[in-house]
Amino acid sequence: MTTVGLGMPAVRPEAELPPLAERRRSRRIMVGSVPVGGDAPVSVQSMTTTVTADVNATLQQIAELTAAGCQIVRVAVPSADDVQALPAIARKSPIPVIADIHFQPKYVFAAIEAGCAAVRVNPGNIKKFDDKVGEIAKEAAAAGIPIRIGVNAGSLDRRLLEKYGRATPEALVESALWECSLFEEHGFRDIKISVKHNDPVVMIAAYRLLAERCDYPLHLGVTEAGPAFQGTIKSAAAFGALLSQGIGDTIRVSLSAPPVEEVKVGTQILEALALRERGLDIVSCPSCGRAQVDVHTLAEKVSAALEGFPAALRVAVMGCVVNGPGEAREADLGVASGNGKGQIFVKGEVIKTVPESLIVETLVEEAVRIAEERGESLDGPGPVVVTPS
């Protein structure tokens with residue numbers, strides 16, 4: 001069959017683009033095997049939703065998060081039973097485990113002894129935390145474990161609330177830097193900082209201010225961001241504003257949703273900003289009167305069929321001839337649909353025309369073939385073909 005060339009460029013355009021901004025220079029720490037800060041790639045974190053004391057359930061969820069691309073995981077430690085579970089979880093987890101400590105300073109020492117990769121402390125709600133800093137610094141330094149000073153708008157130190165009236169950017173930053181100074185008095189600087197707020201505008205201002213005033217690595221997060229849709233928008237807006245200025249070393253998307261969804265969103269944000277190699281990228285038409293096919297349904301079926309595809313691939317799902325050829329030039333694989341048929345194109349060339357009912361199946365077959373030709377590993381969950389209805 002004669003193929004139709006559409007002028008595929010030799011390389012993807014993003015390969016030639018410079019980074020959005022030079023990364024802010026920060027000191028580097030190690031969270032287990034994962035470097036954070038310096039020139040290390042921005043890492044993706046999440047937090048388990050299981051009862052930490054249930055070791056099997058917690059490890060199962062950590063395995064699911066790891067498979068989704070999570071690089072660091074945090075577990076809640078609100079009780080003595082949770083503390084007792086930490087050694088087994090830290091030892092068996094495939095990714096570094098951070099213990100999340102509130103209220104009880106004694107649990108900080110227990111988490112260090114348990115072999116956790118790091119400890120997160122919230123100075124605003126740990127009893128007499130300032131008095132324990134010297135001991136914590138000594139134990140953490142001896143174990144080579146970093147401390148994350150995690151300041152949250154919802155649990156800001158009472159003294160700062162009285163000073164500023166509310167959780168302003170200045171209040172969040174002052175809280176974080178005050179606690180850092182206490183650790184610094186004991187020679188401990190293996191620290192990363194977060195200053196989270198539920199309002200992206202306040203959060204962005206806080207991190208910008210913090211970035212100017214210290215060289216510690218920064219953990220980005222919009223706290224209590226909300227349900228999946230709202231939280232995704234808030235996080236993408238806030239992270240995009242900061243990361244595009246080189247601010248941020250590790251991220252956690254906080255959603256009222258399963259934690260695997262947090263990892264997916266965080267990964268997509270980094271890929272969209274070219275801060276992580278792009279994986280599967282579905283390019284599809286918006287709804288419009290020119291479309292000769294139900295693009296929304298077709299794009300959803302293609303996305304579902306290729307979910308978990310382990311090779312980097314840009315797939316264009318187009319519904320008319322206006323933008324179809326142009327997107328074909330930029331995509332590895334795609335379809336231009338209309339009148340009950342779909343033209344399948346690979347690397348800018350139309351290779352075949354198939355009935356609309358076979359579009360999804362054909363795209364999956366071609367995706368596998370392209371990956372194999374590149375020599376890319378297809379180990380992993382792989383695509384699941386969805387039979388069109």
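Ignoring ligands, DNA and RNA, what accessible area per residue does the chain give at 1.4 Å, in Å²? Display every interim value, and only then the final one.
Details: 17480 Å² over 389 residues.
Computed with neighbouring chains in place, this is 45 Å² per residue.
Taking square-rooted eigenvalues a ≥ b ≥ c of the alpha carbon gyration tensor, is segment 180-241 rounded, prolate or oblate, where a/c under 1.5 means rounded and, failing that, a/b exceeding b/c means prolate?
Numbers: a/c = 3.17, a/b = 2.39, b/c = 1.33.
Cα axes put segment 180-241 in the prolate bin.
What ranking of Asp39, Asp157, Asp82, Asp199 comes out by heavy-atom accessible area, probe 1.4 Å, highest first? It would help to have the intermediate numbers written out before the result.
Working: Asp39 125, Asp157 30, Asp82 5, Asp199 60 Å².
Result, largest first: Asp39, Asp199, Asp157, Asp82.
Tell me, what is the FRET efficiency for Asp131 and Leu161 to the nearest 0.05, using R0 = 30 angstrom and their Cβ-Cβ distance as r? The partial results should precede the final answer.
On the way: r = 21 Å, r/R0 = 0.68.
The pair Asp131/Leu161 has a calculated efficiency of 0.90.
What does the charge count around Lys234 come to, taking other residues whose C-beta lies under 15 Å from its C-beta (Lys +1, Arg +1, Asp -1, Glu -1)? Each step should come with its number before you reach the end.
Working: positive: Lys196, Arg252; negative: Asp199, Glu224, Glu261, Glu262.
So the surrounding residues net to -2.
A 29 angstrom limit on the alpha carbon distance is what I want to check against. Which of Lys92/Lys138; Lys132/Lys264; Lys92/Lys301; Lys264/Lys301; Lys264/Lys341; Lys138/Lys196 exceed it? Can you show the working numbers first?
Values: Lys92/Lys138 26 Å; Lys132/Lys264 37 Å; Lys92/Lys301 37 Å; Lys264/Lys301 18 Å; Lys264/Lys341 32 Å; Lys138/Lys196 27 Å.
From the list (Lys92/Lys138; Lys132/Lys264; Lys92/Lys301; Lys264/Lys301; Lys264/Lys341; Lys138/Lys196), the Cα-Cα distance tops 29 Å for Lys132/Lys264; Lys92/Lys301; Lys264/Lys341.
If a/c stays under 1.5 just call it rounded; otherwise compare a/b with b/c (prolate if a/b is bigger, oblate if not). Do that for segment 216-256, with a ≥ b ≥ c from the square roots of the Cα gyration tensor eigenvalues.
Details: a/c = 3.53, a/b = 1.74, b/c = 2.03.
Since a/c reaches 1.5 but b/c is at least a/b, the shape of segment 216-256 is classed as oblate.
Before rounding to the nearest 500, sum -39500 (n - 2.57) across all DSSP H runs of length at least 4 in the chain and divide by the residue total; then give [θ] at 222 nm in deg cm²/dmol.
On the way: 12 runs with 153 residues, N = 389.
Rounded to the nearest 500, the figure is -12500 deg cm²/dmol.
Classify segment 16-60 as rounded, prolate or oblate from the Cα gyration tensor: take a ≥ b ≥ c as the square roots of its eigenvalues, call it rounded if a/c is under 1.5, otherwise prolate when a/b beats b/c and oblate if not. It would help to have the intermediate numbers written out before the result.
Details: a/c = 4.01, a/b = 2.44, b/c = 1.64.
Here segment 16-60 falls in the prolate category.
Applying 1/(1 + (r/R0)^6) with R0 = 51 Å to the Cβ-Cβ distance of Glu184 and Asn339, what FRET efficiency is obtained, to the nearest 0.05?
Values: r = 69 Å, r/R0 = 1.36.
The value I calculate is 0.15.
Note the full-extension length gain between Glu170 and Ala142 as 0.36 nm times their separation in residues minus their Cα-Cα distance, in nm to one decimal. Spell out each step's value before the answer.
Details: separation 28, 0.36 × 28 = 10.08 nm, distance 3.28 nm.
Stretched fully, the Glu170-Ala142 segment lengthens by 6.8 nm.
To check you understand DSSP bridge types, tell me what percent of the beta bridges within the chain (both residues inside) are antiparallel, rounded to 5. Present the calculation step by step, with values, prior to reporting the outcome.
Numbers: 17 of 54 bridges.
In the chain, DSSP labels about 30 percent of beta bridges as antiparallel.
May I ask you to order 217-223, 134-140 by the average number of other C-beta atoms within 10 Å around their residues, highest value first? Mind showing how you got there, number by number?
Values: 217-223: 24.7, 134-140: 17.7.
The most tightly packed comes first, giving 217-223, 134-140.
With label points built 7 Å along Cα→Cβ from the Cα atoms of Phe229 and Asp54, find their separation and express it in nm.
The two pseudo-label positions are separated by 3.0 nm.
Could you calculate the contour length gain from Lys352 to Arg369, that is, 0.36 nm times the residue separation minus the distance between their Cα atoms, to one decimal place in nm? Could the numbers behind the result be given before it?
Working: separation 17, 0.36 × 17 = 6.12 nm, distance 1.47 nm.
Gain in length upon complete extension: 4.6 nm.
So how do 358-364, 247-253 stack up, highest first, on mean other-Cβ count within 10 Å? Each step should come with its number before you reach the end.
Working: 358-364: 20.3, 247-253: 26.3.
Descending mean neighbour count gives 247-253, 358-364.
Relative contact order, percent, of segment 195-280 when contacts are C-alpha pairs under 8 Å separated by at least 6 residues?
28
Over segment 75-203, what relative contact order in percent results from Cα pairs under 8 Å that are six or more residues apart?
Numbers: 204 pairs, mean separation 27.2, N = 129.
It rounds to 21 percent for segment 75-203.
Percent relative contact order of segment 109-171, based on C-alpha pairs within less than 8 angstrom and at least six residues apart?
Details: 56 pairs, mean separation 23.9, N = 63.
After rounding, I find 38 percent.
What is the Cα convex hull volume of the chain when expressed per residue in Å³? Don't skip to the end; give the middle numbers.
On the way: hull volume 57.5 nm³, N = 389.
So the per-residue Cα hull volume is 148 Å³.
Once R0 is set to 35 Å, what does the formula 1/(1 + (r/R0)^6) return for the Cβ-Cβ distance between Glu361 and Leu20, expressed as a FRET efficiency to the nearest 0.05?
On the way: r = 38 Å, r/R0 = 1.08.
Rounded to the nearest 0.05, the efficiency is 0.40.
How much of the accessible area of the chain, probe 1.4 Å, is carbon plus sulfur, in whole percent? Write down the numbers at each step before the final one.
On the way: 9170 of 17480 Å².
Percent of accessible area from carbon and sulfur atoms in the chain: 52.
Based on DSSP H assignment, which helices of the chain show an axial Cα extent of at least 15 Å together with a mean Kyte-Doolittle hydropathy greater than or equal to 0.0?
Details: long enough: 55-68 (20 Å, 0.58); 80-92 (19 Å, -0.06); 129-143 (20 Å, -0.11); 169-184 (22 Å, 0.40); 200-213 (20 Å, 0.89); 228-243 (21 Å, 1.06); 259-272 (20 Å, 0.15); 295-306 (16 Å, 0.78); 359-374 (22 Å, 0.11).
Those that pass (Cα extent of 15 Å or more, hydropathy at least 0.0) are 55-68, 169-184, 200-213, 228-243, 259-272, 295-306, 359-374.
The values are calculated or read from the model by the stated rules, or taken from the named source; none is laboratory data. Computed from a predicted structure; not experimentally measured. Cβ sites come from the backbone with ideal geometry, for glycine too, and all protein chains shown count toward neighbours. Calculation scope for accessible area: heavy atoms of the full protein, side chains included, ligands and nucleic acids excluded. Shrake-Rupley method; radii C 1.70, N 1.55, O 1.52, S 1.80 Å.
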